[in-house]
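A.B. asks: Here's a structure for you.
The values are calculated or read from the model by the stated rules, or taken from the named source; none is laboratory data. In this text, all values refer to a predicted model and were calculated from it rather than measured experimentally. Here the Cβ is made from the backbone with ideal geometry for all residues, glycine too, and neighbour counts use every protein chain on show.
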Amino acid sequence: MHNKQRQITVQDYPYLVSEYLKKRDMYKYRADNTVLFNQFCNNYDGRIITNRGRNQNVYIGYPWCKTICPFCVYTSGRIDKPASIEEYVDLLTIESKLLGLSSGQTTSLYWGGGTPTMLDTSSLKYFLQKTSGLLSFSENAVVTIESNVENLTTEKLDVMAKYANRLSIGVQRFTDINRLKLGRNTKQQQVIDALKLAAQYFDNINIDIIYGVDKDSVESIMTELSFMIDIGIRSATLYKQEFFVNGLRSHTYKAYMPNNVECAKIHEAASVFLSENGFIEQPIGWFRKEDVRLANWKSRLDGWGEYPDYFGLGPNAYSHLDNMYIKNTDVYNDYKTELTNNRLPVNRYRNKSLIEKGVQLFVRKFRLNQRIAKNDLIFSFVEYPNFFEELQNLFQSQLYVLFFENENDEFILRRQYYTIINWIINDICEIACKHVR
Ligand code: SF4
């Protein structure tokens, strides 16, 4: 399938990417490609959804923030709030029981938001202690808490480190000018000080860095990454600004729309720079030093190769189970009413079709390894010969021949196209959706 006559070079990829992206923007084509399967969702009919003794990854949300960041794609802060932390924990406890989470081994727990660390120190302790007490953990479980820079005080870090072994910090950018663009009031030096303090409590820290914001450039992201390396950060998630329907800026999104070609250049430059500095990128956009992976992320990575159940708790959370997708209501009062009546606060759900299960497994592997084995495709979609044929046509198309190298019947995504992986997955999901039955 490889077109040997047309050798691609780094210099000409912006043209090719822009050709591909002509009909796309980051509003319609988003990172969450499973969204395409939502057309097969139904209104919740009260059915019982429970862990079936499988290993599980759990997300517990605290979907509220003090203020809303201009780039945020979540609905945090726009929903009612609980009267007290005790009330919210009581509801999470009921939700966990209804889902039967105590019967599964938890391989990873993620407390995310919103901003769970905006709770005062004693409420934070109560929240972490009570909710972690709902679960039994496997050996080497990865327990992450998400925080912004502002809440990294000694008192709160003390509490966080008691219950979590990994800290994820939404740094977004270091430099003052870019922090201002993102509506962040803390200054560069405060960020650096906070990260150094956090490193005294956690040896496993990941920071989020966003790019594509307001005429971003390769030079600008290189400055940000240099700060990260100087401080000694050994794990970072680099992600592209995207816009969601009903997101904060959905009405003005065009004014803030990142330039697709510039984003491709930024990601490639960052990817090369970080690999020269000893980072591995796996999956795409997640950079870390090799020893960080060996320390305690192995179970999580192993999970990417199979099909783990992922349960999300809290308003607006979703669960991706082996056989089902579930989306909770995002209205806190509805969430509370349902749980108070011992009903799951599910808004929509779908049973996963065989083809969706195949696509999801293959997408996990593709994200992890940046490559697709033809045999995997044949194996995953043996019951869908027409889908497989359409996939083959896609991979033989002019652009796909340029996106991928074909080696020993493996399609390997070229680095300059890493930033469009979500849209390649989107293409595949679009075809898959036509064959759901
Ligand atoms: S980016 Fe994080 S802190 Fe900012 S509004 Fe969104 S969830 Fe809250």
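A.B. asks: What single numbered condition from (1) crowded, with 20+ Cβ neighbours inside 10 Å; (2) in a helix (DSSP H, G or I) fails to hold for M222?
C.D. replies: Only one criterion is unmet by M222, namely (1).
A.B. asks: How many residues does the range 57-88 hold that are under 16 Å from L98 (Cα atoms) and either among the aromatic types (F, W, Y) or at pLDDT below 90 (or both)?
C.D. replies: The first filter runs over the range 57-88 and keeps only residues under 16 Å from L98 (Cα atoms), leaving 58-60, 88.
Next cut, either among the aromatic types (F, W, Y) or at pLDDT below 90 (or both) only: 59, 88.
Final tally of qualifying residues: 2.
A.B. asks: Could you check the range 308-374 for strands (runs of 3 or more DSSP E) lying wholly inside it with 1 or more residues that are free of Cβ contacts under 8 Å to residues at least 40 places away in the same chain and on the phi < 0 side of the Ramachandran plot?
C.D. replies: Working: elements: 309-313, 318-320, 324-328, 346-351, 371-373.
The strands (runs of 3 or more DSSP E) meeting that bar are 318-320, 324-328, 346-351, 371-373.
A.B. asks: Residue by residue through the range 184-198, note down the ones that are in contact with a helix residue (DSSP H, G or I) (Cβ under 8 Å, 6 or more places away or on another chain) and closer than 18 Å to G232 by Cα.
C.D. replies: Across the range 184-198, the qualifying residues are Q188, Q190, V191, I192, A194, L195, K196, L197, A198.
A.B. asks: Let me ask another. Report, by residue number, each residue of the range 176-193 that is surrounded by 14 or more Cβ atoms within 10 Å (Cβ to Cβ), among the aliphatic types (A, V, I, L, M) and without any contact (Cβ under 8 Å) to a residue 60 or more places away in the chain.
C.D. replies: Listed by number, the residues that qualify are V191, I192.
A.B. asks: Let me ask something else. State which residue pairs qualify: first residue under 15 Å from V359 (Cα atoms) and hydrophobic (A, V, I, L, M, F, W, C) and inside the range 382-398, second residue at pLDDT 90 or above and surrounded by 11 or more Cβ atoms within 10 Å (Cβ to Cβ) in any location, beta carbons under 6 Å apart, and separation of 6 or more residues or different chains.
C.D. replies: F387/H435
A.B. asks: Might you let me know whether the range 101-118 holds any residue that is modelled with pLDDT of 95 or more, within 16 Å of the ligand (Cβ to nearest atom), more than 17 Å from V143 (Cα to Cα) and surrounded by fewer than 20 Cβ atoms within 10 Å (Cβ to Cβ)?
C.D. replies: Checked against the condition, which is being modelled with pLDDT of 95 or more, within 16 Å of the ligand (Cβ to nearest atom), more than 17 Å from V143 (Cα to Cα) and surrounded by fewer than 20 Cβ atoms within 10 Å (Cβ to Cβ), the range 101-118 yields at least one hit.
A.B. asks: When residues of the range 401-437 are filtered for being in contact (Cβ under 8 Å) with a residue 60 or more places away in the chain and over 22 Å from S275 (Cα atoms), how many remain?
C.D. replies: Of the residues in that region, 14 qualify.
A.B. asks: Ok, one more. Which of (1) in contact with an Asp or Glu (Cβ under 9 Å, 6 or more places away or on another chain); (2) at pLDDT 85 or above does F387 not meet, given it meets every other one?
C.D. replies: (1)
A.B. asks: A further question follows. Sort through K196, K240 and tell me the only one that's within 30 Å of Y163 (Cβ to Cβ) and basic (K, R). So that I can check it myself, show each step before the final result.
C.D. replies: Details: K240 fails: within 30 Å of Y163 (Cβ to Cβ).
Step by step, each of K196, K240 is checked, and only K196 is within 30 Å of Y163 (Cβ to Cβ) and basic (K, R).
A.B. asks: In this structure, does K181 turn out to be assigned by TED's automatic domain parsing to the domain that holds T67, within 16 Å of the ligand (Cβ to nearest atom) and either hydrophobic (A, V, I, L, M, F, W, C) or over 18 Å from T237 (Cβ atoms) (or both)? Outline the logic, then answer.
C.D. replies: Working: assigned by TED's automatic domain parsing to the domain that holds T67: yes; within 16 Å of the ligand (Cβ to nearest atom): yes; either hydrophobic (A, V, I, L, M, F, W, C) or over 18 Å from T237 (Cβ atoms) (or both): yes.
Considered against the rule, which asks whether it is assigned by TED's automatic domain parsing to the domain that holds T67, within 16 Å of the ligand (Cβ to nearest atom) and either hydrophobic (A, V, I, L, M, F, W, C) or over 18 Å from T237 (Cβ atoms) (or both), K181 comes out as yes.
A.B. asks: Is it true that G133 is at positive phi, out of contact with any Ser or Thr (no Cβ under 6 Å at 6 or more places or on another chain) and more than 16 Å from the ligand (Cβ to nearest atom)? Show your work before the answer.
C.D. replies: Details: at positive phi: no; out of contact with any Ser or Thr (no Cβ under 6 Å at 6 or more places or on another chain): yes; more than 16 Å from the ligand (Cβ to nearest atom): yes.
No: the conditions fail for G133.
A.B. asks: Any residue in the range 288-304 that is crowded, with 21+ Cβ neighbours inside 10 Å and either part of a helix (DSSP H, G or I) or modelled with pLDDT of 90 or more (or both)?
C.D. replies: yes
A.B. asks: Output the residue which, of all residues in the range 152-178 that are away from the ligand (no atom under 14 Å from the Cβ) and of a type in the set (S, T, Y), is modelled with the lowest pLDDT. I'd like the intermediate steps shown before the answer.
C.D. replies: First, pick out the residues of the range 152-178 that are away from the ligand (no atom under 14 Å from the Cβ): 153-167, 174-178.
If we keep only those that are of a type in the set (S, T, Y) as well, we get 153-154, 163, 175.
Values: T153: 98, T154: 98, Y163: 98, T175: 95.
By that ranking, first place goes to T175.
A.B. asks: Could you identify the single residue in L21, L36, L92 that is modelled with pLDDT of 70 or more and under 24 Å from A432 (Cβ atoms)?
C.D. replies: Numbers: L21 fails: modelled with pLDDT of 70 or more; L92 fails: under 24 Å from A432 (Cβ atoms).
It is L36.
A.B. asks: List the residue pairs whose Cβ atoms are under 7 Å apart, where the first residue sits in the range 95-119 and is under 16 Å from Y318 (Cβ atoms) and without any contact (Cβ under 8 Å) to a residue 60 or more places away in the chain, the second is within 16 Å of the ligand (Cβ to nearest atom) and not in a strand (DSSP E or B), and the two are 6 or more positions apart or on different chains.
C.D. replies: Cβ pairs passing all conditions: G113/P63; G113/C65; G113/S76; G114/P63; G114/W64; G114/C65; G114/S76.
A.B. asks: In addition: Which is within 16 Å of the ligand (Cβ to nearest atom), more than 26 Å from Y332 (Cβ to Cβ) and of a type in the set (V, I, T), of V142, V149? Can you show your working first?
C.D. replies: On the way: V142 fails: within 16 Å of the ligand (Cβ to nearest atom).
Among V142, V149, only V149 is within 16 Å of the ligand (Cβ to nearest atom), more than 26 Å from Y332 (Cβ to Cβ) and of a type in the set (V, I, T).
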